[in-house]
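The values are calculated or read from the model by the stated rules, or taken from the named source; none is laboratory data. Remember, predicted model here, so these are calculated numbers, not experimental data. Please note: Cβ atoms are built from the backbone with ideal geometry, for glycine as well, and neighbour counts cover all protein chains shown.
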Amino acid sequence: MSKIFKISFLLFALAFIKPATTFAQTSKYKCMVQMTNYMGEGAYVVISLIDSKGAYEKTLYVMGSDKKWYNSLKEWNKFYKKKPANISAITGASVTGGDRSVNVIEIETAKVNAGYKLRFESAVEDKNYYVKDLEIPLTTDALSAKNEGTGFIRYVRFSAN
């Protein structure tokens, strides 16, 4: 009887140990977004992981917590509606003209230097929408550089957390 118990316990333990080792390793980065000096409401900015084919894979951070304005981030909102996810842990305040926002984003280590991109999409009420305010290759070089935006974002810098 004790032999059956030991074998059962071993099989049970192996069932839980193996899945625990298959979790993806992630790295945390501080992401500082410096906005241009525009006049108007706070910008909604979403940071997305984009695959090598240009498709949205994952939402990494959302600056702007009022869901009624998510439709102003048109392309990301299409993805979000098709694949709704709980983004409450990765959502913060919108950011106004001239201000900066520093947030921590988590990226799977295997995605770095593997053909992925980070897309920064921005929109401001009664102003323009930039689907690619900033899009950078997800490489170690790009993560250590200053990356210039083309819309409401002046630049973005990353640092390992």
field: Residue in the stretch 101-116 that is of a type in the set (Val, Ile, Thr), part of a helix (DSSP H, G or I) and within 15 Å of Ile50 (Cα to Cα) present
entry: yes
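When the stretch 37-96 is examined, which residues are found to be acidic (Asp, Glu) and closer than 19 Å to Val124 by Cβ?
Step one: list which residues in the stretch 37-96 are acidic (Asp, Glu), which gives 41, 51, 57, 66, 75.
Of everything in the stretch 37-96, those that are acidic (Asp, Glu) and closer than 19 Å to Val124 by Cβ turn out to be Glu41, Asp66, Glu75.
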- request: Considering (1) at pLDDT 95 or above; (2) more than 23 Å from Val102 (Cα to Cα), say which one Glu57 fails and leave the rest.
  value: (2)
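A quick yes/no check of all residues on (1) of a type in the set (Val, Ile, Thr); (2) over 28 Å from Thr140 (Cα atoms); (3) crowded, with 17+ Cβ neighbours inside 10 Å:
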| position | (1), (2), (3) |
| --- | --- |
| Lys67 | no, yes, no |
| Trp76 | no, no, yes |
| Thr91 | yes, no, yes |
| Asn103 | no, no, yes |
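Residues checked against (1) touching a Leu at 6+ places or on another chain (Cβ under 8 Å); (2) modelled with pLDDT under 95; (3) of a type outside the set (Gly, Ala, Ser):
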{"position": "Ser72", "(1), (2), (3)": "no, no, no"}
{"position": "Lys83", "(1), (2), (3)": "no, yes, yes"}
{"position": "Ala114", "(1), (2), (3)": "yes, no, no"}
{"position": "Leu118", "(1), (2), (3)": "yes, no, yes"}
{"position": "Glu121", "(1), (2), (3)": "yes, no, yes"}
{"position": "Lys132", "(1), (2), (3)": "no, no, yes"}
{"position": "Phe152", "(1), (2), (3)": "no, no, yes"}
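Just to be sure I understand, how many residues within the stretch 130-140 are closer than 23 Å to Gln25 by Cα and either surrounded by 15 or more Cβ atoms within 10 Å (Cβ to Cβ) or touching a residue at least 60 places away in the same chain (Cβ under 8 Å) (or both)?
Initially, the stretch 130-140 is screened for residues closer than 23 Å to Gln25 by Cα, giving 136-140.
Next, only the ones that are either surrounded by 15 or more Cβ atoms within 10 Å (Cβ to Cβ) or touching a residue at least 60 places away in the same chain (Cβ under 8 Å) (or both) stay: 136-139.
Result for the stretch 130-140: 4.
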- request: Check the stretch 109-129 and report whether any residue there is among the β-branched types (Val, Ile, Thr), at negative phi, under 13 Å from the mean Cα position of the chain (by Cα) and buried (at least 20 other Cβ atoms within 10 Å of the Cβ).
  value: no
- prompt: In the stretch 136-161, what residues are assigned to a strand (DSSP E or B) and either among the acidic types (Asp, Glu) or farther than 19 Å from Glu108 by Cα (or both)?
  reply: Asn147, Glu148, Ile153, Arg154, Tyr155, Val156
task: Output the residue which, of all residues in the stretch 32-65 that are in contact with a Ser or Thr (Cβ under 7 Å, 6 or more places away or on another chain) and of a type in the set (Val, Ile, Thr), is surrounded by the fewest Cβ atoms within 10 Å (Cβ to Cβ).
output: Thr59
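What about Thr96, is it surrounded by fewer than 19 Cβ atoms within 10 Å (Cβ to Cβ) and in contact with a Gly (Cβ under 6 Å, 6 or more places away or on another chain)?
The answer is yes for Thr96.
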message: Quick check on Tyr29: is it modelled with pLDDT of 95 or more, under 18 Å from Val112 (Cβ atoms) and either surrounded by 15 or more Cβ atoms within 10 Å (Cβ to Cβ) or out of contact with any Gly (no Cβ under 6 Å at 6 or more places or on another chain) (or both)?
response: yes
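I'm checking my understanding of the structure. Among residues of the stretch 71-108 that are charged (D, E, K, R) and within 19 Å of Thr26 (Cβ to Cβ), which one is farthest from the chain's Cα centre (by Cα)?
Glu108
Only one of Lys58, Lys68, Lys78 is of a type outside the set (Asp, Glu), without any contact (Cβ under 8 Å) to a residue 60 or more places away in the chain and in a strand (DSSP E or B). Can you tell me which? I'd like the intermediate steps shown before the answer.
Details: Lys68 fails: in a strand (DSSP E or B); Lys78 fails: in a strand (DSSP E or B).
It is Lys58.
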